[in-house]
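Taking it in order: structure first as structure tokens, then the write-up.
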Amino acid sequence: MAGVKVVKQAGGKTSAKKPVGKPTDPARVAEILERLDKAYPDAHCALTHASAFQLLIATILSAQCTDERVNKTTPELFRQYPTPHDLAAVRQEVLEQVIRSTGFYRNKAKNIIGASQRIVKEFGGKVPRRMDELLTLPGVARKTANVVLGNAFGTAAGVVVDTHVQRISRRLSLTKQTTPEKIEKDLMKLLPQSRWTDFSHQIIFHGRRCCIARKPKCAECPLEDLCSSKDKTI
Ligand code: SF4
């Protein structure tokens, strides 16, 4: 790879001397992507879902909540209310009790009912497949829309920027921005579109297993020699 000298280490682990040039150098970015592929080949959307609608609802529920908790809540939710028509018709106080354990349940219930009603009235009962249409649903911003488009419809319209992607993109100097919207714009410029969906999954796995917020496990990190973060622990 141009600009990167890859060195074989004991145990087959590869490392590269830091490429000369900017952190956003295409060779460095390509090296990061290659190593993420090797480290997290199984990265995937952790929210259990059987349809675009279920993924949309699960993603709304996942705000300020773990995917694990959402996955414990959605089976009963979708057993009682399997379709957009069912969730469009439920009383908010009733829905609140079903999703209570995911936190912020009043607002989430309001958004889920509002989104379901709009899907029924404006989109023929089907989750829309376009970013601009998804963004008209209550409770749906770019992150949720990107999750649905990338994972349910296979459309890479953007990059999901959650708390892990936000933190690690900055640690890896892929962006200096602090807001999800601006970070996403930087990542969309840097990454090939074919990688937008997988990159988020892999970085989220990396954030959960290695580059954790408080004390990153830098000694075990496959990107360590490419990282100059002030948060490094070695
Ligand atoms: S070296 Fe440390 S801070 Fe940098 S990406 Fe790896 S775990 Fe995160």
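Assorted remarks:
- MET188 exposes around 60 Å² of accessible area when a 1.4 Å probe is run over every protein chain in place.
- Cα centre as origin, Lys/Arg/Asp/Glu Cβ charges: the range 92-227 dipole, Debye: 260 debye
- Cα convex hull of the range 15-170, projected area averaged across orientations, nm²: 10.3 nm²
- Listed residue (PHE123, ALA58, ILE32) projecting farthest to the positive dipole end of the range 32-171, Cβ model: ILE32
- Given charges at beta-carbon only (K, R positive; D, E negative), |dipole| of the chain in Debye: 720 debye
- Calculated [θ] (222 nm, deg cm²/dmol) that DSSP helices of n ≥ 4 give over the chain, each run adding -39,500 (n - 2.57): -15500 deg cm²/dmol
- Charge-dipole axis of the range 149-234 as Lys and Arg at +1 and Asp and Glu at -1 on Cβ define it, positive-most pick from ILE212, LEU226, ALA156: ILE212
- Using alpha carbons only: equivalent-ellipsoid semi-axes of the range 124-181, gyration tensor based, whole Å: 25, 11, 8
- Within the accessible surface of the chain, defined with a 1.4 Å probe on protein heavy atoms only, the carbon and sulfur portion equals 52 percent.
- Accessible surface, per residue, of the chain when the full set of protein chains is kept, probe 1.4 Å, Å²: 52 Å²
- Shape class of the range 161-234 from the Cα gyration tensor (axes a ≥ b ≥ c, square roots of the eigenvalues): prolate, since a/c reaches 1.5 or more and a/b is larger than b/c.
- Three principal axis lengths of the range 30-117 [C-alpha, angstrom, descending]: 51, 22, 20
- Separation of alpha-carbon centers, the range 200-217 and the range 88-123, rounded to whole Å: 31 Å
- Only Lys, Arg (+1) and Asp, Glu (-1) charged, at Cβ; the range 82-156 dipole about Cα centre in debye: 140 debye
- Reachable aspartates and glutamates, given that their alpha-carbon falls under 17 Å from the alpha-carbon of LYS121 and they are not under 8 places away in the same chain: ASP86, ASP132, GLU133
- Our Cα-only numbers for the range 94-234 put the radius of gyration and Dmax at 17.5, 55 Å.
- Rounded to the nearest whole Hz, the Karplus-based 3J(HN,Hα) values (6.51 cos²θ - 1.76 cosθ + 1.60, θ = phi - 60°) of the range 203-214 follow the sequence 5, 5, 4, 4, x, 7, 9, 9, 8, 6, 4, 7, with x at glycine and proline.
The values are calculated or read from the model by the stated rules, or taken from the named source; none is laboratory data. Model, not experiment: these values are computed from the prediction. With ideal geometry, Cβ positions are generated from the backbone for all residues, glycine too; neighbour counts draw on all protein chains shown. Accessible surface is based on the protein model in full, side chains and every heavy atom, while ligands, DNA and RNA are left aside. Shrake-Rupley method; radii C 1.70, N 1.55, O 1.52, S 1.80 Å.
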